[in-house]
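K.L.:
For reference, the structure I am asking about is given below.
The values are calculated or read from the model by the stated rules, or taken from the named source; none is laboratory data. Here the structure is a predicted model, which means the values were calculated and not measured. Glycine gets a Cβ as well: all are built from the backbone with ideal geometry, and neighbour counts include every protein chain shown. Protein only, heavy atoms only, side chains kept; ligands, DNA and RNA dropped before computing areas. Shrake-Rupley method; radii C 1.70, N 1.55, O 1.52, S 1.80 Å.
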Amino acid sequence: MLTQPLINRLCRDAGPPVTLARERCLRSRFNKNRCTLCLQACARRALTLGDNGLHHDAEECTGCMQCTAVCPNDAVTGSLDFPALLHEVAAKSSILLSCQKGLLGHDHIRIPCVGMFSEAMLAAINAVTRQECFLDTSGCADCVNSHCLPAIREKMDKLASRLQDKSKIRVNYYGDRHAPLPCSGKNARRSILRLFRKNITTLSKEAFNPAEPCSARQTASQDKKPPQTATVLLHALSQLDEKRKDEGATLLSYFFSAATTNQCDLCPLCTAMCPTGALHRKKQEEKRTLTYTSARCSGCGLCADFCKKKALTIFGGFSGDPHEAQPLAVG
Ligand code: SF4
Ligand code: SF4
């Protein structure tokens, strides 16, 4: 007999829903870190933290992707290419973002689940969309991932308040029969059978390769790469013209700033600890400078946690050019 978790796996988009990069998890980088954002976001308790760091239980995972929306350091990521999604949204006049259970239309873009969007990602979509972008939640109420509905509603409310109710994203919440849709959609439930067939192959591979289950495959890279959210926000910023300066300020409010006190002695610890390369220490002649680049900061706070002198603070919001390396301390 098929168990519910197995049915869930067979009915979701083919391929593992999330990929772990354990070396990017704050808990793996600093044993005193207490981040539990992804654990709290996971309604199925599919993510756990053990002696070997983060563990993902693919049997329990229902692919809501909420963990990917909250992890500041991209230690848990989905397969969707956000910059490509932004390009597609910017190229079309009216967009419907919809999961496999939702509606289909000539201008729809398939997404794994609405749970994947953070508020900052929604702000980026809002900035690049030309007219309106519809987020389809018509299939959510009877979906195993229905817990995403209140979460997406909360994010949309926060975004609307930041944008002073000028958001171009529309959500057709379940039960709201008068909510506008860009095209006469047809139900996509039949596609579940197609996905069922596709996923049988993936599950068979996992069964015969238990040492390396697809969903727990680690990315080998330990590179200090910039956070995905900042990359997406920068892309959205680059699309704005002079007339839309207000929206630029909203996007910048999702970036971070840093400050140091005179306790900072320019030791290299925070720069070594930063997983994204936002902090940099350079030496010119006999002068050392600690610089900070907002475009690379995820706001994870690891540097501030790790600084023994508590000389560094990270806080939300930024103004100026996020690409510019700002001097924090000179000595
Ligand atoms: S949210 Fe990210 S950094 Fe925090 S515990 Fe989960 S994987 Fe680690
Ligand atoms: S500068 Fe600090 S808060 Fe920003 S990404 Fe690096 S460690 Fe995290």
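K.L.:
Just checking: which of the helices (runs of 4 or more DSSP H) contained wholly in segment 66-173 hold 1 or more residues that are acidic (Asp, Glu)?
P.N.:
Because the criterion is at least 1 residues that are acidic (Asp, Glu), the helices (runs of 4 or more DSSP H) in segment 66-173 that meet it are 82-91, 119-128, 148-162.
K.L.:
Still on this structure, I have one more. Which one is least open to solvent (accessible area, probe 1.4 Å), of the residues in segment 69-102 that are closer than 17 Å to residue 148 by Cα and over 19 Å from the mean Cα position of the chain (by Cα)?
P.N.:
Among those that are closer than 17 Å to residue 148 by Cα and over 19 Å from the mean Cα position of the chain (by Cα), it is 102.
K.L.:
Any idea which residue in segment 306-320 is least open to solvent (accessible area, probe 1.4 Å), counting only those that are at pLDDT below 95 and under 14 Å from residue 256 (Cβ atoms)?
P.N.:
320
K.L.:
Considering each residue of segment 249-292, count those that are without any contact (Cβ under 8 Å) to a residue 12 or more places away in the chain and part of a helix (DSSP H, G or I), and give that number.
P.N.:
Number satisfying all stated conditions: 1.
K.L.:
Moving on to the next point. Which residue out of 295, 259, 249 is under 22 Å from residue 124 (Cβ atoms), at pLDDT 95 or above and outside the structural domain of residue 127 (by TED's automatic domain parsing)?
P.N.:
295
K.L.:
Also, quick follow-up: Against the condition within 16 Å of ligand 2 (Cβ to nearest atom) and either without any contact (Cβ under 8 Å) to a residue 40 or more places away in the chain or among the aliphatic types (A, V, I, L, M) (or both), how does residue 124 come out, does it pass?
P.N.:
no
K.L.:
Go through (1) part of a loop (DSSP other than H, G, I, E, B); (2) surrounded by fewer than 21 Cβ atoms within 10 Å (Cβ to Cβ); (3) away from ligand 1 (no atom under 16 Å from the Cβ) for residue 224 and report which single condition fails.
P.N.:
(3)
K.L.:
Can you spot a residue in segment 199-215 that is more than 26 Å from residue 324 (Cβ to Cβ), open to solvent by less than 50 Å² (accessible area, probe 1.4 Å), outside any helix (DSSP H, G or I) and at pLDDT below 90?
P.N.:
yes
K.L.:
Ok, one more. Return a yes/no flag: does segment 267-290 have any residue that is open to solvent by 70 Å² or more (accessible area, probe 1.4 Å), closer than 30 Å to residue 246 by Cα and either more than 16 Å from ligand 1 (Cβ to nearest atom) or of a type outside the set (Val, Ile, Thr) (or both).
P.N.:
So far as segment 267-290 goes, no, none of its residues is open to solvent by 70 Å² or more (accessible area, probe 1.4 Å), closer than 30 Å to residue 246 by Cα and either more than 16 Å from ligand 1 (Cβ to nearest atom) or of a type outside the set (Val, Ile, Thr) (or both).
K.L.:
Looking at 57, 136, which is the one that is away from ligand 2 (no atom under 16 Å from the Cβ) and open to solvent by less than 10 Å² (accessible area, probe 1.4 Å)?
P.N.:
Working: 57 fails: open to solvent by less than 10 Å² (accessible area, probe 1.4 Å).
The unique qualifying residue is 136.
K.L.:
Among the numbered criteria (1) among the charged types (D, E, K, R); (2) within 21 Å of the chain's Cα centre (by Cα); (3) closer than 23 Å to residue 83 by Cα, which single criterion is violated by residue 153?
P.N.:
(3)
K.L.:
Give me a count of the residues in segment 15-44 that are of a type in the set (Val, Ile, Thr) and either in a helix (DSSP H, G or I) or in contact with a helix residue (DSSP H, G or I) (Cβ under 8 Å, 6 or more places away or on another chain) (or both).
P.N.:
2
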